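See structure below.
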Amino acid sequence: MNDWLSVEVARERRESILTEAEERRLARHAPRKSLWTPLRARVARRMFQFAVALEKEETWRAVWERLEAPRHP
């Protein structure tokens, strides 16, 4: 009985190792997010902070136009 249990535990462990390896393999080949997306968001936030600090209507308008600009792929 004990021998059957150890074989079953070893089989389950082997299956989990193979599953994890397959997930890692798939993750390596997954398409990565663009590096520009976070940079664009950071720049937009900085521009907005700048506009708030200056409190000038022209700056607000320029920032708002930049935030609403269509994204090009």
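When the residues of the stretch 17-58 are filtered to those that are surrounded by 10 or more Cβ atoms within 10 Å (Cβ to Cβ) and small (Gly, Ala, Ser), the one that is farthest from the chain's Cα centre (by Cα) is ALA51.
For the structure I just gave you, tell me whether VAL43 is aliphatic (A, V, I, L, M) and modelled with pLDDT of 85 or more. Judged against the criteria, VAL43 is a match. Of all positions in the stretch 51-69, at least one carries a residue that is at pLDDT below 75 and on the phi > 0 side of the Ramachandran plot. Enumerate the pairs (first residue in the stretch 36-55 and assigned by TED's automatic domain parsing to the domain that holds GLU68; second residue anywhere and surrounded by 11 or more Cβ atoms within 10 Å (Cβ to Cβ) and in a helix (DSSP H, G or I)) with beta-carbon separation below 6 Å, excluding pairs fewer than 6 apart on the same chain, so at least 6 apart or on different chains. As it stands, the answer is ALA44/LEU67; MET47/VAL63; PHE48/VAL63; ALA51/THR59; ALA51/TRP60; ALA51/VAL63, since those pairs meet every condition given.
The values are calculated or read from the model by the stated rules, or taken from the named source; none is laboratory data. Everything numeric in this text was worked out from a predicted model, so none of it was measured. Quick reminder, even Gly has a Cβ in these numbers, built from the backbone with ideal geometry, and neighbours come from all protein chains shown.
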